[in-house]
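Just so it is clear, none of the values below were taken in a lab; they were calculated from the coordinates. None of the values given here were measured: they were computed from a predicted structure. Neighbour counts are summed over all protein chains in view; Cβ atoms, including those assigned to glycine, are modelled from backbone coordinates with ideal geometry.
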Amino acid sequence: MKRLWGTPVSEYLPSFALLIITAIYLATAYTYSPDARAVPAGVAWVMVGLTLLDLASRTKTRFGMAVMHWLNPAGDADKAEARAHYPALEQIAAVLWVALFVAMMVLIGILYSVPLYVFASLRLRGGRSLLLSAAVAAGATLMIWALFDLVLQLELYKGVLFSDI
C-alpha cells in the first residue's frame, strides 16, 4: 500500500472526505446573508481546523506525533496495545446513535432532541441513574437555550414536524 509521510494513504481518506464536505458546507454558508451565515460559517471554520489537525496527527512525522500526543495522549504508539478494541457491531451501534440524533434534530428540532439524546445516552448506553440522566439532560437543554435564545438571540431549528414550512 502506498504511504504518505509514513502512513498508509487509506488512513487519510475519512478525514480528507470530511474536509471536502466541510469545504462545500463552508462555500454554501458564504452564499447566505451575513446574519444567516454567522453560525454555519463559524462551525465550518472550526471543523476545517479540527480536520487539518486530524490529518496532521495521522502522519508519522515529528510534528504529527506531537499533535497526536497533544490532542490524544491515549493514541500514542506505545499505548496502542492497551487500547480497547471494539467489535464491529458495537462500532456500528455507536454510529447509529449519532445518526438517530441527527434524524431527531431534523424531525423534532434541536431543543427537543438534545434532552432526549442526552438522557437516552446516559441512561441506556452509559448505565447512569434515572435522576442523574434527567438532571444532565435538563442542564444541557438549559445551557443550549440560554446560549442561543438569551445570549446570541438566535432561533434554534424547530424541526420539520414543528416548523411552519
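Things to note:
- Calculated from backbone phi, Karplus (6.51, -1.76, 1.60) coupling profile of region 45-57 in Hz, x at Gly/Pro: 5, 5, 5, 4, x, 5, 5, 5, 5, 5, 4, 5, 5
- Shown here for region 82-165: trypsin sites (Lys or Arg not before Pro) in loop regions (DSSP other than H, G, I, E, B) with at most 10 other Cβ atoms within 10 Å, namely Arg83.
- Against the main long axis of the alpha-carbon atoms of the chain, helix 130-145 sits at an angle near 80°.
- Considering only Cα atoms, the convex hull volume of the chain works out to 178 Å³ per residue.
- Per-residue extension of 0.36 nm, minus the Cα-Cα distance of Val102 and Asp164, leaves a gain of 20.3 nm for this segment.
- Rounded to the nearest 500, the helix-only mean residue ellipticity at 222 nm of the chain stands at -20000 deg cm²/dmol, with each DSSP H run of n ≥ 4 adding -39,500 (n - 2.57).
- Label-reachable residues, region 7-41, where backbone N falls under 12 Å from a point 7 Å from Thr61's Cα toward its Cβ: 7
- Amide H contacts under 5 Å for Thr7, placed H, 5+ residues apart: Lys60
- Full-extension gain in nm, Val48 to Ala17, via 0.36 nm per residue minus C-alpha separation: 10.0 nm
- Each part reduced to its alpha carbon centroid, region 102-165 and region 24-61 end up 24 Å apart.
- Overall form of region 8-60 per C-alpha gyration tensor (a/c, 1.5; a/b vs b/c): prolate
- Rounded to the nearest 0.05, the FRET efficiency derived from the C-beta distance between Leu150 and Tyr30 at R0 = 41 Å is 0.90.
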